[in-house]
């Protein structure tokens, strides 16, 4: 019998500068703040972010977290991808906010366009045309 997974609950990220990352994920990418908690015992913020009311990302800040140990082609989590209706428009939106993206490519298996960019901590993100 298969495990009855219902879906992805959330994606947890750790940032180095809470204010910069909060701005990036809310103002640049447009995610909604569902809850924001400061945990004094950990000197840490926990920011719950959603998309269309659905819980999506749990953004943490911790004092002096170690740097990300790998790049996108190393073993482990490679990147997070967001579906968008128009990759070129999404890349233009990023550029308007001072965020560089790679040249738009076409997925040879699906024929859909995509581009990669990075969050303030260098986490690889992707816009993939739905």
Next item on the list: Among what's in segment 96-129 and is surrounded by 13 or more Cβ atoms within 10 Å (Cβ to Cβ) and part of a loop (DSSP other than H, G, I, E, B), pick the residue that is farthest from the chain's Cα centre (by Cα).
Entry: 112
Notebook entry, point to check: In segment 1-28, what residues are modelled with pLDDT of 90 or more and either over 22 Å from residue 117 (Cα atoms) or touching a strand residue (DSSP E or B) at 6+ places or on another chain (Cβ under 7 Å) (or both)?
Noted result: 10, 11, 12, 13, 14, 15, 18, 21, 22, 25, 26
Next item on the list: May I ask you to list the residues in segment 21-56 that are surrounded by 13 or more Cβ atoms within 10 Å (Cβ to Cβ) and part of a helix (DSSP H, G or I)?
Entry: 21, 22, 23, 24, 25, 26, 28
Item checked: Of all residues making up segment 8-50, the number that are in contact (Cβ under 8 Å) with a residue 24 or more places away in the chain and closer than 21 Å to residue 92 by Cα -> 9
Check: In segment 83-92, is there at least one residue being touching a helix residue (DSSP H, G or I) at 6+ places or on another chain (Cβ under 7 Å), modelled with pLDDT under 95 and not in a loop (DSSP other than H, G, I, E, B)?
Finding: no
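The values are calculated or read from the model by the stated rules, or taken from the named source; none is laboratory data. What you see is a predicted model, and the numbers here were worked out from it, not measured in a lab. Note that each Cβ is placed from the backbone with ideal geometry, even for glycine, and that neighbours are counted across all protein chains shown.
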